[in-house]
2 protein chains.
Amino acid sequence: MAGDPRPIGVFDSGMGGLTVLRALVARLPEEQFVYLGDTARLPYGTKSPDTVRAYALQATHLLLSEDVKMVVIACNTASAVALDALGEALAPVPVIGVIEPGARAGVAATRSKRIAVLATESTVKGAAYAQAIHRLMADAHVEQMACQVFVALAEEGWADTRATTAAVEDYLQPLFAQADAPDTLVLGCTHFPVLATAIQRHVGDAITLVDSAETTAAAVAETLAGLDLKASADSGTRAIRFFATDSPERFARIGAIFFGGAIDDEAVTLVDLKMA
Amino acid sequence: MAGDPRPIGVFDSGMGGLTVLRALVARLPEEQFVYLGDTARLPYGTKSPDTVRAYALQATHLLLSEDVKMVVIACNTASAVALDALGEALAPVPVIGVIEPGARAGVAATRSKRIAVLATESTVKGAAYAQAIHRLMADAHVEQMACQVFVALAEEGWADTRATTAAVEDYLQPLFAQADAPDTLVLGCTHFPVLATAIQRHVGDAITLVDSAETTAAAVAETLAGLDLKASADSGTRAIRFFATDSPERFARIGAIFFGGAIDDEAVTLVDLKMA
């Protein structure tokens, strides 16, 4: 079997999606990747669904022009509002978002059917996780909590500082102080895996943390196998290329926090999507 | 003397500028105000100077159409890159930014000529405060520090929580641990006055905190008097109108933190600057 050597495209509004890329890279050692962060236009979370769809279409068309065999939408907002439109526009290239895998993993993990979703304000407002969980488990009790400060803490690289510990306590204490506390916590923002150690320490080992980066990587592996799109072991040495719509220097610097390893800013290409 | 009853226009990329409006309202009880927050396009800090200038021109033209007698640029990024262009475009209406008044107050307050500026990453990178301070005091020693997490803490309304205390310590300890520590701290971001109590407690009363909201209000009062633009006591009851380019509901809710008082979302008009 020769395998399909084409790269997998990964798209995010910024750098948070690099936690998803990190999980993909770890799980799929044979695959090549192209990552695009629309850093000039972030955050998507405060923009209208129409605007987010238009931006996501521009971005994923750039990935198509790089001959990707699959597109991963590593962005909660774009997954929530643009996944169907992107699936249609990019067909036959398969498109996978982060919300469905995160919801599926949350449902698989819970014993008490009480799941909490930590996310950004806009994701909470759109309720996409709650809907996805209820489609899979109609009687699940879902609590959504906006943890906006976590985004800034993760971007500052404060994975486990005193401020992070205090913010985790301030957000999560009310959630776990109640009688019917959740037994499963879905990290519904691509920034939050950076803070996983601090969160797990606060909630204790009895609570399962579900990281949509890991579960999305699992869904991608499954889809690759199902559609016979896997690369073979002799597809060449690992190559990851990065595109950003603003400052490659900042992308490489802040991105390293999310990717969990250095990014050479020479490997980051500046691209103008309005011109693409 | 009849006085000039026209309103003062205040412009910011979002809601942080409401700390400046709050200071203006307190200092100028006779004046009327129109505030515009370009919330759909924030943050300005990550955008190119050309884009920020274009956005700021659109925004301030809307204020002109409301017949304002003066425009206050209550946004550090726009003050840093667009003040000259706005001054030309809006003449003869005077335009005042936040950086010059903040720098002037810092220079007036320091005894040791050692001033620290706390700001956002983009303001630090642009070094507008350092330049403004050096124009006034060539031998000043200026340290700039990006405190990005403060923005999220302020927007969350966490004025003085444990997480805020810890973040203040993490950012400021290195600054004050050195032998020649600053004696003056310029709050170079419109969000930061919300955290002033926590910051002052950490640094102690010997350090002067300079709030560019207060000092900008003083500069506005001075300019009004100088140009004979003051309203008289009988200019009518106080009216403050708000315009936002996205979600009036969110503007009223988060804005109340910065304004230091409730904002009725009925008083917030949604406006599309691209169409204006």
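What follows draws every value from the coordinates through simple rules; no lab data is involved. The structure displayed is predicted, hence computed values, not measured ones. Here the Cβ positions follow ideal geometry from the backbone for every residue, glycine too, while neighbour counts run over all protein chains shown.
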Segment residue B:26-residue B:131, extension gain: residue separation times 0.36 nm, minus the distance between their alpha carbons:
34.9 nm
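Using the count of nearby Cβ atoms within 10 Å as a rough guide to exposure, how do A:114, B:104 rank from fewest to most?
On the way: A:114 16, B:104 20.
Arranged by neighbour count, lowest to highest, A:114, B:104 become A:114, B:104.
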Checked against the positive end of the charge dipole of region A:100-212 (+1 on Cβ of Lys and Arg, -1 on Cβ of Asp and Glu, about the Cα centre), the farthest of A:189, A:147, A:179 is A:179
Note down the nm distance, to one decimal, between modelled labels 7 Å out along Cα→Cβ at residue B:205 and at residue A:227.
6.8
Please compute the modelled spin-label separation between residue A:57 and residue B:64, points set 7 Å along Cα→Cβ, answer in nm with one decimal.
3.5
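Gain in length, residue A:111 to residue A:218, computed as 0.36 nm per residue apart minus the alpha-carbon separation, to one decimal in nm? Walk me through the numbers before you get to the answer.
Working: separation 107, 0.36 × 107 = 38.52 nm, distance 2.13 nm.
Result: 36.4 nm gained on full extension.
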Please state the shape class of chain B: rounded when a/c is under 1.5, otherwise prolate if a/b exceeds b/c and oblate if not, all from the C-alpha gyration tensor.
prolate
Could you work out the mean count of beta carbons from other protein chains within 10 Å of each residue's beta carbon in A:62-71?
0
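First check a/c for the protein assembly as shown, with a ≥ b ≥ c the square roots of the eigenvalues of its C-alpha gyration tensor; if it is under 1.5, answer rounded, and if not, answer prolate when a/b is larger than b/c or oblate otherwise.
Values: a/c = 1.84, a/b = 1.73, b/c = 1.07.
Taking the square roots of the gyration eigenvalues as a ≥ b ≥ c, the protein assembly as shown is prolate.
If each residue's Cβ is checked for other Cβ atoms within 10 Å, how do A:129, A:171 rank with the fewest at the top? Each step should come with its number before you reach the end.
Numbers: A:129 29, A:171 20.
Listing A:129, A:171 from fewest to most nearby Cβ atoms yields A:171, A:129.
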Choose one answer from B:227, B:90, B:42: the residue with the largest mean-square fluctuation in a GNM of chain B with alpha-carbon springs under 10 Å.
B:227
The number of Lys pairs in chain A whose alpha carbons lie under 24 Å apart, excluding pairs fewer than 8 residues apart on one chain, is 5
